[in-house]
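The values are calculated or read from the model by the stated rules, or taken from the named source; none is laboratory data. Predicted model only: the values in this text are computed from it and were never measured. Using ideal geometry, Cβ is built from the backbone for each residue, glycine included, and neighbour counts are taken over all protein chains shown.
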């Protein structure tokens, strides 16, 4: 039987390679459409309440550096639209593992920013609004418990992986 800790650490260590390779073969319009659908579902409450109106007439570029993947996010007619390119007002850049820690709230944006693991460049006011929005998200209220548990376990493995403390494989 495989050691669960080892499997989690391998997914954290090698996952970006697998995901990055898959994204290179997926047509950009397909990934943008899928991402738009998921983001609109995930942020349904905020969209309905007008809490994302600060994005009107703005473009946020999201760059996941280790995946060599980027997209542009806009609010148009009350919906989030993901575009393949554009001119950004603010750039939000991080590696996938740091984003994983961010969304699971195992690392706060300020800590990542000061450790130079999160870049927020451009319109400072817009960058702070995006950062503050991310601080308010509770995954437990939006995603199935099993998915939240998996994401949390993956995020918890990031510090050990960064320090080179991968568990030995046991069969």
- request: Need at least 2 residues that are under 12 Å from the mean Cα position of the chain (by Cα) and modelled with pLDDT of 90 or more per element, so show me which strands (runs of 3 or more DSSP E) inside the stretch 53-132 make the cut, counting only ones lying wholly within it.
  value: 59-64, 69-76, 90-94
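The rows are residues; the columns are (1) touching a residue at least 40 places away in the same chain (Cβ under 8 Å); (2) within 22 Å of residue 138 (Cα to Cα); (3) in contact with a helix residue (DSSP H, G or I) (Cβ under 9 Å, 6 or more places away or on another chain).
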| residue | (1), (2), (3) |
| --- | --- |
| 9 | yes, no, yes |
| 25 | no, no, no |
| 38 | no, yes, no |
| 57 | no, no, no |
| 66 | yes, no, yes |
| 79 | yes, yes, yes |
| 84 | yes, no, yes |
| 89 | no, no, yes |
field: So residue 33, is it part of a helix (DSSP H, G or I), surrounded by 12 or more Cβ atoms within 10 Å (Cβ to Cβ), at pLDDT 90 or above and in contact with a strand residue (DSSP E or B) (Cβ under 8 Å, 6 or more places away or on another chain)
entry: yes
task: Filter the stretch 1-30 down to residues that are outside any helix (DSSP H, G or I) and surrounded by 11 or more Cβ atoms within 10 Å (Cβ to Cβ) and give me whichever is nearest to the chain's Cα centre (by Cα).
output: 26
